[in-house]
Structure formats: C-alpha cells, structure tokens
Amino acid sequence: MKKRKSVVLTAFFPDSKYDSSIFCSSAEKVLKNGSFVLEFFYDGNDTKAVKEYLDSKQVETIFLAPFYTKLQKKSLSSLDETLRKETVDKMKEYVDLCYYFGSEAMLINSGPRPDAIHLDIAIKRFEKSVYEILEYVMEKADGYILDILLEPGDIGVDYDEVFGHTENVITHVNAVRENYENYYLTMDVSHIRQLGESIETSLQLAKPYCYHIHMANCYLKDSNHFLYGDKHLEFGALDSELDME
C-alpha cells in the first residue's frame, strides 16, 4: 500500500458533483494546501473542463461511484435483474469516464441488504455484477488497468449493505482476485466501528487486500439522535466513537 494522503472532495463540496466550475475551484482549494489524491464523483455535462483541470494538475484520482448508487437507489446486488443490469451498465459508463479522466481506481458498494432468506441470492447477484464490471475494465484498458475498490458498509445502522463484516468481505475479495488482481478493498474505520468490530483487528485482516483507508467518525450511542449512523461527524465530537488519537 502506498503512503499517500487523499481527500474526499465530494464530501466537502457536494455541489462539485454536477458543476465543473465548482469542481475545479473546490479542487484548487484542496490542492493548494498539500499534495493529495482526489477522491471525487462527477456526473455533470462538462467532463472536458474537469479532465483539463485534472490533467493540468497531474493529480491522481479515485472515482466514487457509490454517490450515484446511493443517491439514485441503484444496486449491484438487486434481486430485480433489470435494476441490477441498469446499475452495471451505469458502472460501465463510469469505467469509461475513469479512463477518460485518467483515474487510477473506481470505488463501488454492494448495495442494500435484503432479508435473510434472500441474502445468498443478493451476494450471487453482486458477484455477477463485479465480474461483469471487471471484464469490462479489461476490455477497455488502454495503457493501464483501472482498479476496482469495494467499500464494505454498515449492517443494521444506516445503509445496511450486503457486504460489511470483514471476514466475509475478505472471502469474497480473495475469490474474485483469483481471476482479477485489480480488485481491492477500501476500509472505512467508521464502518468498522458500526459493525461492532475492532478497527485494529479488521485492518490487520484486510491488509493484504486493502487499497486505502477512509478515516471517519460516527455516533452510535442513541439511535434516535440526529447524528446517529454514518454522518461523518468530526473526530472527538461529544459521545462519538473516535477521537483524534
């Protein structure tokens, strides 16, 4: 794993998702304060302006496709085959966009968790989607191969995703990597805490497959509290799970 700092641009500047001028001005604010990898989502009309800016800065980037799937209620593990295919097709569009931008990786998520009876089916649907995306990545590769990153989510807290617990997701990733070595994990310390796991233990287990780590905090003490769940509050916030140390 390379030791590089990154910033999730879209989290700090939400309007940069669709407005190229806001994207460029926001990225400029971030980059002038240090050398960062930019993690972002952009689905606006002026992709040329974004590309020209990124090229001018020669900045490494990671494209965050879950901003689409979560906002649009799409899922790569959907029990509705039509919806699953629509989501895969959109991810393929984003693969094309990643190659256009020169992004080194694209993040995906596993989608909402169904009831226990249908969970195995959802896992198989997600695995099918992953293979379709990875096959497309290889077909479109030109000069380099785009990395695909799975970010495990919470279970039963906020997004309630198909893949969460570290041991389960490692089994999945390890199996896929037998055919595609460009498939990795993005571990989020807030999600790990929401899963009730030890951050240190989970990261140690995931280390062989871990592409990068998201540092985030969460509040879990009261499910009725407005900050409960995956709200990305500041480290050390009152009664939150993680302090600066």
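Side notes on the structure shown:
- Residue match in segment 66-81 (condition: at pLDDT 95 or above and part of a strand (DSSP E or B)): no
- Among residues of segment 97-113, those that are closer than 10 Å to residue 66 by Cβ and in contact (Cβ under 8 Å) with a residue 60 or more places away in the chain, counted: 1
- For segment 135-173, filtering for residues that are of a type in the set (Gly, Ala, Ser), surrounded by fewer than 18 Cβ atoms within 10 Å (Cβ to Cβ) and farther than 16 Å from residue 96 by Cα leaves 1.
- Residue that is least open to solvent (accessible area, probe 1.4 Å), among those in segment 15-42 that are closer than 23 Å to residue 95 by Cα and modelled with pLDDT under 95: 37
- Where residue 90 falls short, out of the listed (1) within 25 Å of residue 217 (Cα to Cα); (2) free of Cβ contacts under 8 Å to residues at least 60 places away in the same chain: (1)
Yes/no per residue for (1) in contact with a Ser or Thr (Cβ under 6 Å, 6 or more places away or on another chain); (2) more than 19 Å from residue 66 (Cβ to Cβ):
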position: 133; (1), (2): no, no
position: 156; (1), (2): no, no
position: 161; (1), (2): yes, no
position: 185; (1), (2): no, no
position: 200; (1), (2): no, yes
position: 216; (1), (2): yes, no
position: 221; (1), (2): no, yes
position: 227; (1), (2): no, yes
position: 231; (1), (2): no, no
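- The sole residue among 131, 136, 144, 159 that is at pLDDT below 95 and not basic (Lys, Arg) is 159.
- Residue list for segment 3-59, filter: among the basic types (Lys, Arg) and over 18 Å from residue 102 (Cα atoms): 3, 5, 29, 32
- The single condition among (1) open to solvent by 80 Å² or more (accessible area, probe 1.4 Å); (2) of a type in the set (S, T, N, Q); (3) over 25 Å from residue 5 (Cβ atoms) that residue 78 does not satisfy is (1).
- Scanning segment 104-134 for residues that are assigned to a loop (DSSP other than H, G, I, E, B), touching a helix residue (DSSP H, G or I) at 6+ places or on another chain (Cβ under 8 Å) and open to solvent by less than 40 Å² (accessible area, probe 1.4 Å) yields 109, 110, 111, 114.
- You will find that of 226, 235, the residue that is surrounded by fewer than 17 Cβ atoms within 10 Å (Cβ to Cβ), at pLDDT 90 or above and over 21 Å from the mean Cα position of the chain (by Cα) is 226 and no other.
- Every pair of residues 6+ apart whose Cβ atoms lie under 9 Å, when the first sits in segment 8-22 and is within 9 Å of residue 41 (Cα to Cα) while the second is among the charged types (D, E, K, R) and assigned to a helix (DSSP H, G or I): 10/17
- Qualifying positions in segment 45-67 - among the small types (Gly, Ala, Ser) and crowded, with 17+ Cβ neighbours inside 10 Å: 65
The values are calculated or read from the model by the stated rules, or taken from the named source; none is laboratory data. What you are looking at is a predicted structure, and each value in this text was computed from that prediction instead of being measured. When we count neighbours, we look across all protein chains shown, and the Cβ atoms used for this are built from the backbone with ideal geometry, even at glycine. Side chains included, ligands, DNA and RNA excluded: accessible areas come from the protein's heavy atoms. Shrake-Rupley method; radii C 1.70, N 1.55, O 1.52, S 1.80 Å.
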